[in-house]
Amino acid sequence: MRKIGVFVCWCGSNIAATVDVKQVVEEAKKMPGVAYAADYQYMCSEIGQNMMKEVIDKHNLDRVVVAACSPRMHENTFRRAAEEAGINPYLVEIANIREQCSWVHKDKEAGTEKAIALTRAAVAKVTLNSELVPGEIDVVKKALIIGGGIAGIQSALDIADAGYKVDIVEKTPSIGGKMAQLDKTFPTLDCSACILTPKMVDAAKHPNITLHTYSEVEKISGYVGNFNVQIKKKARYVDMDKCTGCRICTEKCPSKKAKSEFEEGLKNRGAVYIPFAQAVPNVPVIDTDECIKLKTGKCGLCEKLCPSNAIKFDDKDEIITEEYGAIVVASGYDIIDLNKFGEYQYDHPDVITSLEFERITNAAGPTNGKFLRPSDGEKPKKVVFIQCVGSRDKTERGKSYCSKICCMYTAKHSMLIKEKYPDIEAYVFYIDVRTPGKNFDEFQRRAVEKYGVQYIKGMVGKIFPEGKKLMVHGVDTMSGETLVIDADMVVLAAATKAKSDAIDLKRKLNISTDINNFFTEAHPKLRPVETASAGIYLAGACQGPKDIPETVAQSSAAAAKVIGLLNKSKLVNNPCVSAVDESLCSGCLACTEMCPYDAISYKNIEIDDHGKKIKKVVADVNEALCHGCGGCTVTCRPGAIDLKGFTNKQILAEVDAICH
Amino acid sequence: MTRTKIIPDKYEKDILQIKKISNEMINDCMQCGKCTAGCPAITEMDILPHQILRHLQLGQFDKVIQSKTIWSCASCFTCAARCPRGVDLAKLMEAIRLINLRQKGNDRLKVQNIGQLMTDQKMPQQAVVSALRKYSK
């Protein structure tokens, strides 16, 4: 007979308000094998844990059931406490009577009844639990960063400074990301390039950092400490080692029809191009869709002119395979497609997005920093900013969340205009101004108080082009006045959204995304930079809208987690993995087909069948790869596979106990 | 200027009825004013469209039912198409008009005259129903 201890937690009033904990204790005492049962207000507290340890010792308990919150929350806490009291930690079971009882039920009687049933199931299961000992796995001392924006660069620098090797995989030809496109940064109005480009150069020069630009993550397998990653290095058609960055090719390229991605389409670029002046690496790339030589076989001017023979038209995509111990996802964000907002006339050249505005005010941008209308190059007199375009929009056109950064950058934009050209009138249509960061509200108020930017609480309903003007029809909801402003330019603060390929990346990494396709953290408060998959961390706006200070803070936090992981010589393995009963296995290998982690292969064994030697094929589980999902156990027709800690016997005992 | 005292439950029944007829979520509105900004009929209105919604949120049914606005609304649905919160204000206006008619109880077009109208085969039925309601004020 087992000696099981049952501990029922009140969780303050979280559980006790809807579950009669005393009654659960009384019922638990009657369950088979239960030698002791008690309740306590906060089992997870130090006093609660000590109480558990004392009772285990005093009553010589050999198994423990804690009826409390979700095992996600405190299973480890109680396993550790049990271990300290001398019991194998896998002889502890949690009955989740908070999330599954009190939080979902209002009726105390029904809640109590369910709590008793769940406790009974846990007792039935723990009776059959066996001692499990975790194995150890090695850690590859190298990290992978997906995305080379400010988030990826910061993480990489922090990890590299701690002495570990880091690879950055960046999809575009240069690192720098969105921040490289910005003119100034709030709330200090630092020049964005001045604070970013030195970091880009640091990353490129750091002996521990390797850049894989114009590259994509193709396939990821493996597990924490031992990720196996295939990286596709797209054909650049320019030899990175030979190229000196002289730019003769980019200047002489006869194909100049492509819209520059970096200039947000406001300027054309050649088929062979360097995205921007401070690009890292400062090596051009040939756009296969635009290059005359690659399309028709004619031209090849760049090849003839290149003084260092760096152009190679026979370049091919290359796939390299690398091993990593940890991965940081820093893939960034996009802005929404504005073509659905017909009333704002985004197809008009003088209606621009905020990111286009950044390029227009940037000294290195298409207008050399002069604030001019894209349509005719004239200086505008009235500029209207419209906030929340697609943000806080519950319809299918927009995004239901607040994009968080627009209030601040719109204030910044209006100030930049007023600073350079005090005679230009600036109007900002807003619904609410949200500026809760450090020195943020002061910044926005400065736009109003010092620079005289007109803030109008209300939305714009429609924009009609009339001659050279854009008639902006809006309302001041405060005064109830409807307004028409004859603007020369309109700037739309478009909503941010997750990258369109976030879902692809999520599948490759086996991590999760929220309803808006932003990557989900393991816990919104206590584990904000980790994913639910061990060894994979998040940084920056791929997790949700973020400004630069927040992105940098999170990137360093992710780096700290990676350093903590890489610093370990061995990792402890989860012992709840599947095991094959070779005498029952028929060798059908259906389990290998279904395993999502490629953890099951097969092996040939020889068995002694009543004195006769028989050779047979059986499934073989790689315990390091197994995540304990249990898929194989239900696929197995002869019932030869069991999940340790969750055996068929244990699960059936639970079901029996609930149906009791 | 008169001060309005908000008595939250005074018109609870009427507001509930508006919600029931229109099936719209009044509290989804965050008062951005885009409905007003794009409305082609505001020159004829005494209360602006977004203000109608605000009055509904505050439970001031008397103000909306007495307003000219509900009769000026042309049901063009521009507000509904552009609302970032998915609130169909045109539907709400129609619900308020309906309640007004129901409470007044006398239609401009008398039911007994319908037969006469219907002998004209070219008269669309929808026009008859509209006349019954819309011109009754």
Can you tell me which aspartates and glutamates have their Cα less than 14 Å from the Cα of A:LYS125? Leave out same-chain residues fewer than eight positions away. A:ASP62, A:GLU93, A:GLU654, A:ASP656
Need one number: nm distance between label points at A:ASN648 and A:SER583, each 7 Å from Cα along Cα→Cβ, rounded to one decimal. 1.5 nm
Dimensionless Rg over Rh [the stretch A:19-74; C-alpha; Kirkwood]: 0.94
Along Cα→Cβ, 7 Å out, is where each label goes; now give me the distance between the ones at A:GLU84 and B:GLN125 in nm to one decimal. 7.8 nm
Sorted from largest down, give the three principal axis spans of the alpha carbons of the stretch A:209-257, whole angstrom values. 48, 25, 12
Of all alpha-carbon pairs in the stretch A:523-597, indicate the percentage at a distance above 22 angstrom. 48 percent
Could you tell me which chymotrypsin sites (Phe, Trp or Tyr not before Pro) in the stretch A:368-426 are loop residues by DSSP with no more than 16 other beta carbons within 10 angstrom of their beta carbon? none
What is the helix-to-structure angle for B:125-134, meaning the angle in degrees between its Cα long axis and the longest Cα principal axis of chain B, kept from 0 to 90 and rounded to the nearest 10? 50 degrees
Projected area averaged over all directions for the convex hull of the alpha carbon atoms of the stretch A:432-514, nm², comes out at 9.2 nm²
Globularity index of the stretch A:219-323, i.e. its alpha-carbon radius of gyration over 2.2 N^0.38 Å: 1.24
Using 7 Å Cα-to-Cβ label points, what is the A:LYS252/A:LYS612 separation (nm, one decimal)? 8.1 nm
Residue-averaged [θ]222 nm for chain A, counting only DSSP H segments that reach four residues, each worth -39500 (n - 2.57): -8000 deg cm²/dmol
Förster radius 60 Å - calculated FRET efficiency between A:LYS603 and A:GLU481 (Cβ-Cβ, nearest 0.05): 0.15
Unpartnered cysteines of chain B (Cβ-Cβ under 4.7 Å counts as a partner)? B:CYS29, B:CYS32, B:CYS39, B:CYS73, B:CYS76, B:CYS83
Chain A, relative contact order [Cα under 8 Å, separation at least 6], %: 13 percent
Residue (of A:SER174, A:ASN510, A:TYR42) at the positive-pole extreme of chain A, dipole from beta-carbon charges: A:SER174
Expected output is a single nm value to one decimal: the length gained when fully extending between A:ARG637 and A:ALA590, i.e. 0.36 nm times separation in residues minus the C-alpha distance. What is it? 16.1 nm
With +1 on the Cβ of every Lys and Arg and -1 on the Cβ of every Asp and Glu, and nothing else charged, how large is the dipole of the stretch A:443-575 about its Cα centre, in debye rounded to the nearest 20? 620 debye
Which Cα, out of A:ALA143, A:PRO207, A:VAL133, lies furthest along the positive dipole direction of the stretch A:98-228 (beta carbon charges, K/R +1, D/E -1)? A:VAL133
Could you work out the pair-distance distribution P(r) of the stretch A:504-660 from its alpha-carbon pairs, with 5 angstrom bin width and percents rounded to whole numbers? 2, 8, 13, 13, 13, 12, 12, 10, 7, 5, 3, 1, 1, 0, 0
In whole Hz and in residue order, list the ³J(HN,Hα) couplings for the stretch A:464-470 that follow from phi through the Karplus curve 6.51 cos²θ - 1.76 cosθ + 1.60, θ = phi - 60°; x for Gly and Pro. 10, x, 9, x, 8, 9, 10
Three principal axis lengths of chain A [C-alpha, angstrom, descending]: 90, 69, 41
Sketch the reach of a paramagnetic label on A:ILE137 as a point 7 Å from Cα along Cα-to-Cβ, and name the residues of the stretch A:626-660 whose backbone nitrogen lies under 11 Å away. A:626-628
Mean shadow area of the stretch A:585-659 over all directions, Cα convex hull, nm²: 6.2 nm²
Which one, A:TYR430, A:GLN444, A:SER400, projects farthest toward the positive side of the charge dipole computed for the stretch A:370-454 from Cβ point charges (K/R +1, D/E -1)? A:SER400
R0 = 35 Å: FRET efficiency of A:ALA364 with A:LYS295, Cβ-based, nearest 0.05? 0.70
Per residue of B:37-43, count partner chain C-beta atoms within 10 Å of its C-beta, then hand back the mean as an integer. 5
Once you charge only the Cβ atoms, +1 for Lys and Arg and -1 for Asp and Glu, what is the size of the charge dipole of the stretch A:79-175 about its Cα centre, to the nearest 20 debye? 260 debye
Cα-based Rg of the stretch A:1-156 per 2.2 N^0.38 Å, rounded to two decimals? 1.25
With charges set only on the Cβ (+1 for Lys and Arg, -1 for Asp and Glu), what does the dipole of the protein assembly as shown come to about its Cα centre, in debye to the nearest 20? 2100 debye
Taking a cut-off of 23 Å, what percent of all Cα-Cα pairs in the stretch B:1-134 are separated by more than that? 39 percent
Once you treat every alpha carbon in the stretch A:81-153 as an equal point and sum by Debye, what is log10 I(q)/I(0) at q = 0.16, 0.26 Å⁻¹? -0.74, -1.14
What ranking do A:509-516, B:72-79, A:348-355 get when scored by the average of other Cβ atoms within 10 Å per residue, highest first? A:348-355, B:72-79, A:509-516
Just from the alpha-carbon atoms, what are the Rg and Dmax of the stretch A:426-471 in angstroms? 13.7, 43
Using a Förster radius of 41 Å, what is the FRET efficiency between B:LYS68 and A:GLU449 based on their Cβ-Cβ separation? Nearest 0.05, please. 0.55
I'd like the distance separating the alpha-carbon centroids of the stretch A:305-358 and the stretch A:531-552, in whole Å. 19 Å
Degrees separating the helix A:648-658 axis from the principal Cα axis of chain A, which is the longest one: 80 degrees
From the phi angles alone, apply the Karplus equation (6.51, -1.76, 1.60; θ = phi - 60°) to the stretch A:23-29 and give each ³J(HN,Hα) in whole Hz, x where the residue is Gly or Pro. 5, 4, 4, 4, 5, 4, 4
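Read the figures in this text as sums done on the coordinates, not as results from a lab. These numbers come from a predicted model, not from an experiment. In this analysis, Cβ positions are derived from the backbone assuming ideal geometry, glycine residues included, and neighbour counts consider all displayed protein chains.
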